[in-house]
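Written out below as structure tokens is the structure these notes cover.
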Amino acid sequence: MGATGRPLDAVAHLKGIVRSAHVECSTPDAVAKLAEALGREIDFALVVLYVSPDAKFRTIVQQAVETWGAEKVIACTTAGELGEHGYTEGTIAAIGLPRANFCVGSILIDHLEKLDPQQIVGNMIRLRTDMSEQEPEWQHEFAFVAIDGLSIKEDEVVAALVSGLGPVPLFGGSAGDG
């Protein structure tokens, strides 16, 4: 997945651009509480959910898709979450990237056992081109990756992505499950 960000005039403007929220996974209406904390009035380009394995993952994802739309949600289980006070467990953490500041595209790389690096590079280049056409004035971009930690394919996927990214910063990691 890649994202293109609008240049900011000063570091002071950074605070509050990327939204975050946390709830205990046992919280009734957890997704509604996350939506409220992120800001219901904000049009998000992307909402990323990090879900404790103690939560009902499919239910959380279904509710998130109903709240923000399927094209705006990615989610994974965790082996622990980063919360307001550092490392924690048993929570759902959400990060929201507002559409006013982010243009987001995603690529699902399915069937990691049959990885096709050329296809990944081609998809990445097409995605970056599409996003630069959507927001031609935006000059900054980054890529974020979340990979199934049990796949043992992290290095191969990242190597393929880097070939299609050039100098674009890439960050992320392996999704866990307790």
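The values are calculated or read from the model by the stated rules, or taken from the named source; none is laboratory data. Being a predicted model, the structure only gives us computed values, none of them experimental. We place every Cβ from the backbone using ideal geometry, glycine too, and count neighbours over all the protein chains shown. Surface accessibility is based on the protein's heavy atoms, side chains included, excluding ligands, DNA and RNA. Shrake-Rupley method; radii C 1.70, N 1.55, O 1.52, S 1.80 Å.
Mind telling me which of the residues Asp110, Asp116 ends up being farther than 28 Å from Val51 by Cα, open to solvent by 50 Å² or more (accessible area, probe 1.4 Å) and out of contact with any Gly (no Cβ under 8 Å at 6 or more places or on another chain)?
Being farther than 28 Å from Val51 by Cα, open to solvent by 50 Å² or more (accessible area, probe 1.4 Å) and out of contact with any Gly (no Cβ under 8 Å at 6 or more places or on another chain) holds for just one of Asp110, Asp116, which is Asp116.
Just need a number here: residues in segment 135-150 that are without any contact (Cβ under 8 Å) to a residue 60 or more places away in the chain and either exposed (fewer than 15 other Cβ atoms within 10 Å of the Cβ) or in a helix (DSSP H, G or I) (or both).
Here the count works out to 2.
Quick one: Ser132 ticks every box in (1) over 23 Å from Val73 (Cβ atoms); (2) free of Cβ contacts under 8 Å to residues at least 60 places away in the same chain; (3) open to solvent by 40 Å² or more (accessible area, probe 1.4 Å) except a single one, so which number is it?
The one condition Ser132 does not meet is (2).
Considering every residue within segment 85-103, establish whether at least one is in a strand (DSSP E or B) and within 17 Å of Val168 (Cα to Cα).
yes
Given (1) under 27 Å from Glu141 (Cα atoms); (2) open to solvent by less than 10 Å² (accessible area, probe 1.4 Å); (3) at pLDDT 95 or above, identify the lone condition not met by Thr67.
Looking at each condition in turn, Thr67 falls short on (2).
When you scan segment 75-84, how many residues do you find that are part of a strand (DSSP E or B) and surrounded by fewer than 17 Cβ atoms within 10 Å (Cβ to Cβ)?
Residues in segment 75-84 being part of a strand (DSSP E or B) and surrounded by fewer than 17 Cβ atoms within 10 Å (Cβ to Cβ): 1 in total.
So, Val121, is that one over 21 Å from Ala45 (Cβ atoms), touching a Gly at 6+ places or on another chain (Cβ under 7 Å) and either of a type in the set (Val, Ile, Thr) or outside any strand (DSSP E or B) (or both) or not?
For Val121, the condition - over 21 Å from Ala45 (Cβ atoms), touching a Gly at 6+ places or on another chain (Cβ under 7 Å) and either of a type in the set (Val, Ile, Thr) or outside any strand (DSSP E or B) (or both) - is met.
Give the residue, chosen from Ala21, Ala3, Ala45, that is of a type outside the set (D, E, K, R), within 16 Å of the chain's Cα centre (by Cα) and either part of a loop (DSSP other than H, G, I, E, B) or modelled with pLDDT under 60 (or both).
Ala3 is the lone residue from the list that is of a type outside the set (D, E, K, R), within 16 Å of the chain's Cα centre (by Cα) and either part of a loop (DSSP other than H, G, I, E, B) or modelled with pLDDT under 60 (or both).
Could you grab the pairs with beta carbons closer than 7 Å, sequence gap of 6+ or different chains, first residue in segment 74-85 and more than 15 Å from Val31 (Cβ to Cβ), second one small (Gly, Ala, Ser) and part of a loop (DSSP other than H, G, I, E, B)?
Going by the 7 Å Cβ cut-off, the qualifying pairs are Thr77/Gly176; Thr78/Ser52; Thr78/Gly176; Ala79/Gly176; Ala79/Gly178; Glu81/Ser52.
Might you let me know whether segment 168-176 holds any residue that is modelled with pLDDT of 85 or more, closer than 15 Å to Gly105 by Cβ and outside any strand (DSSP E or B)?
Checked segment 168-176: at least one residue is modelled with pLDDT of 85 or more, closer than 15 Å to Gly105 by Cβ and outside any strand (DSSP E or B).
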